[in-house]
Structure formats: C-alpha cells, structure tokens
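These notes concern the structure reproduced below.
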Amino acid sequence: MRELIADGDWKIAYTTVMTTLDRLYKKHLLDRAAEGRAFRYSPRVTREELQRAAAGEAIEQLLASGSTSSLPLSYLVEAVTQHDIELLDELQQLVENKRRELQDPEKR
C-alpha cells in the first residue's frame with residue numbers, strides 16, 4: 001500500500017487507501033496476499049473486463065427503465081454519434097453480425 005502512495009503524487013491519507021483497497025477486495029475486484037503484516041493487492045479482472053461489465057450493467061438498467069425499448073436505444077445511438085460518428089458504422093456491423101448469428105442455429 002505504501003507503494004501506491006509513494007508512486008503517485010497524491011495527497012491522500014494512508015487509511016483512506018487501505019479502506020478503499022479493502023472495499024474493492026470485499027467486492028471481489030481485487031485479490032490480496034499476505035506479506036508479513038501487510039497485504040499485496042492485485043486486480044482480479046482486466047480493465048477491459050471491468051469496463052465491459054460496467055457498460056453491460058448500465059445498458060441493462062437503461063433498457064429496463066424505459067417504457068418503450070426504442071427510447072434507451074436512441075440514447076445509445078445519440079451518445080455514439082456525439083462521441084465518434086464513425087462508430088455508427090461499427091454499431092451497424094455488430095447488429096448485422098448478431099442478426100446473422102441468431103438466424104444460423106449452428107453458430108449458437
């Protein structure tokens with residue numbers, strides 16, 4: 001833990017870092033191994049896996065919250081458009097690939 005504080009240019013209390021790491025460990029986001037009287041923490045998942053899970057959860061909540069399914073989808077399309085219009089082509093390709101996959105029972 002001291003390594004985290006020493007490596008960063010943070011003005012944060014040691015106990016705050018300890019509490020945060022312990023909470024992340026209890027949420028199964030970190031692993032920890034005892035080293036003497038201290039713990040060494042390591043990520044349990046990759047950054048990509050964490051981002052995928054967070055995005056998936058957010059999208060699930062968005063789809064579940066709308067009275068019509070097209071409204072949350074329009075939010076997604078608008079966000080993609082504002083971020084990078086070329087991503088619309090990628091989104092369309094992903095949708096087409098998924099449609100083909102769902103129509104071909106052997107690919108399931």
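The values are calculated or read from the model by the stated rules, or taken from the named source; none is laboratory data. The structure displayed is predicted, hence computed values, not measured ones. For neighbour counting, all protein chains shown are included, and Cβ atoms are generated from backbone atoms with ideal geometry for every residue, glycine included.
Of all residues in the range 45-79, which are within 23 Å of residue 21 (Cβ to Cβ), of a type in the set (Val, Ile, Thr) and surrounded by 12 or more Cβ atoms within 10 Å (Cβ to Cβ)?
The answer is 45, and nothing else.
Checked against the criterion of being surrounded by fewer than 10 Cβ atoms within 10 Å (Cβ to Cβ), farther than 30 Å from residue 28 by Cβ and not β-branched (Val, Ile, Thr), the candidates 93, 82 yield just one match: 82. Please go through the range 9-44 and pick out each residue that is at pLDDT 90 or above, exposed (fewer than 11 other Cβ atoms within 10 Å of the Cβ) and assigned to a helix (DSSP H, G or I). Listed by number, the list holds a single entry, 26.
Is there a residue in the range 45-65 that is within 19 Å of the chain's Cα centre (by Cα) and in a loop (DSSP other than H, G, I, E, B)? For the range 45-65, residues within 19 Å of the chain's Cα centre (by Cα) and in a loop (DSSP other than H, G, I, E, B): present.
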